[in-house]
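Derivation of every value follows stated rules applied to the coordinates shown; laboratory data play no part. Everything quoted here is computed from the prediction, not taken from an experiment. With ideal geometry, Cβ positions are generated from the backbone for all residues, glycine too; neighbour counts draw on all protein chains shown.
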Amino acid sequence: MRGVVMHAPGDVRVEQRDDPQILEPTDAIIRTAAVCICGSDLWPYRGIEKLNGPAPMGHEYVGVVEQIGDAVKNIKVGDFVVGSFFASDNTCEICQAGYQSRCVHNVIMGSIGTQAELVRIPLADGTLVATPSVPDPSLIPSLLAASDVLGTGWFAAVAAEAGPGKTVAVVGDGAVGLLAILAAKRLGADRIIAMSRHADRQALAREFGATDIVEQRGDEGVAKIKELTDGLGAHSVIEAVGTQESMEQAIRSTRPGGHVGYVGVTYEVELNGLDLFFSGVHLHGGPAPVRRFLPELIRLIWDRKIDPGKVFDLELPLDQAAEGYKAMDERRAIKVLLRV
Ligand SMILES: [Zn+2]
C-alpha cells in the first residue's frame, strides 16, 4: 500500500509500505476514504519535535472496514467508520468517565500512521463509530473533521463550559480554534470572540458563529477582551495553539471563576504559579477525548446541522502529501484533505 513517511524535517514522501495485518483479535483493518494533515504534524515537520528515523504520519481517518479480528463484535466488514486519534477500549473506568484519550489501554494512532491506503485500528469496537450507511461523498470532509479537529474543538468548548449566557473567547484561528467557535455556537454561547488576524480565517470564524473579532495579541489582546466584557474577562476561553503566549493570553483573558479549555499541544509552556493562583480560573484540557463526542457529532453531520468540513481549504491526492505539508507550513492552507 502507499503511505506517507516523514524522513526528516521538511522531507515528506509517499512510499510503498507493508499492508497492515490483524495483530490482535480486537483489531480491524480499514481502507481509508480520506485522511488529513494536522497542525501537530507540523511540529516534526518544522524540527520542533524530534524524529527518530523515518516515521509513518497521520492520525485522522475515515474509511471502510475491510477485515476484523475474531473478537470484534460491534463493527462489521463494509461499515463506513470514523475513529479518534487515540484508540481506546471504551470500557475502562477512564473511558466510562468520558476521557477515552487517556484510556488505560490507549494507542496513539500517530504511531501507526493513518495517512495511508490501509490502516490497522486497535481496539476496533471501542475506537470506531459506524455511520448509519455509506455516506454521500459530500459528507466525507465533515466526517473526517470529526476524527480530530471538530472533536477537539468541541471538547475545548465543553471544557471551557461554553453555553447560554456565556461570552466565549477563542485563542487560535487554526482548524481547531475555528471549529471550537462552531461548537460554542452550537452549545448556545451568547457571544463568541475570535482572536485572529487573517481575513480568510476571520470570515470562516464569522460563518461558524463568531460575533466579534479581536486582532490584537498578548497584552493588547487581553486588554481588548477585558474591554469587550466590562473589564471582567470572558466566562469561557478556548486555547487552541499551545504556545507560552497563547496559554498566558487565554488564562489572562478569563474572568475569575471562569473556565479555560486548552487543547493546543503545549511545547515548553511554563505557567507562573502565583499568577495562576490569583487568576482564580478553572483549567481543563489535554488530548481531547474525541470518542466521547463522535456519536453526537456524526449525527449532527449526517443531518446536515453542521458543516465542519469547511475548514478544509485544500484537497490533494495522497500522492501529493508533500505539497499539502508545505501549504500548511507556509499557512497557505488552514487544513489539507488528502484523497486516497
Ligand atoms: Zn479505556
Modelled FRET efficiency - R0 41 Å, Lys76 with His284, Cβ distances, 0.05 increments: 0.70
Label-point gap, in nm, between Asp136 and Trp302 - each point 7 angstrom along Cα→Cβ: 1.5 nm
Karplus 3J(HN,Hα) series, Hz, for segment 92-105 with 6.51 cos²θ - 1.76 cosθ + 1.60 (x for Gly, Pro): 5, 4, 5, 4, 4, 7, x, 10, 4, 5, 10, 3, 5, 10
Extent along principal axes [Cα atoms of segment 235-281; Å; largest to smallest]: 25, 21, 11
Most fluctuating residue given options Asp303, Asp173, Asp319, as computed from a GNM of the chain linking Cα atoms under 10 Å: Asp303
Between segment 21-80 and segment 167-213, the Cα center-to-center distance that results, in Å: 29 Å
Hz values of 3J(HN,Hα) by residue in segment 236-243 - Karplus curve (6.51, -1.76, 1.60), Gly and Pro given as x: 10, 10, 9, 10, 10, 10, x, 9
Loop trypsin sites (Lys or Arg not before Pro), segment 127-198, which have at most 15 other Cβ atoms in a 10 Å radius of their Cβ (DSSP): Arg197
Partner aspartates and glutamates for Lys310 [C-alpha distance under 18 Å; skip if fewer than 8 residues away on the same chain]: Glu60, Asp136, Asp148, Asp173, Asp200, Glu207
Amide H partners (placed H, <5 Å) of Val214, local residues excluded: Ala194, Met195, Ser196
Estimated translational D of segment 1-152 in µm²/s (Stokes, Kirkwood radius over Cα pairs; 37 °C; 0.692 mPa s): 210 µm²/s
5 angstrom amide H check on Tyr262, placed H, neighbours 5+ away: Glu239, His284, Gly285, Gly286
Proportion of all alpha-carbon pairs of segment 206-340 beyond 24 Å (%): 47 percent
Rg to Rh, two decimals, where segment 102-243 supplies the alpha carbon set and Rh follows Kirkwood: 1.04
Pairs beyond 28 Å (Cα-Cα), from Lys224/Lys326; Lys226/Lys335; Lys185/Lys226: Lys224/Lys326; Lys226/Lys335
Within the chain, longest stretch free of exposed GluC sites (Glu not before Pro) [DSSP loop, at most 10 other beta carbons within 10 Å]: 1-267
Residue-averaged 222 nm ellipticity for the chain, from DSSP H runs of 4+ at -39500 (n - 2.57), nearest 500: -8000 deg cm²/dmol
As computed over segment 118-170, the Cα convex hull volume per residue (Å³): 151 Å³
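Report the Rg/Rh value for the chain, based on alpha-carbon coordinates and the Kirkwood definition of Rh. Let's see the in-between values first.
Numbers: Rg = 19.5 Å, Rh = 20.1 Å.
My calculation of the ratio gives 0.97.
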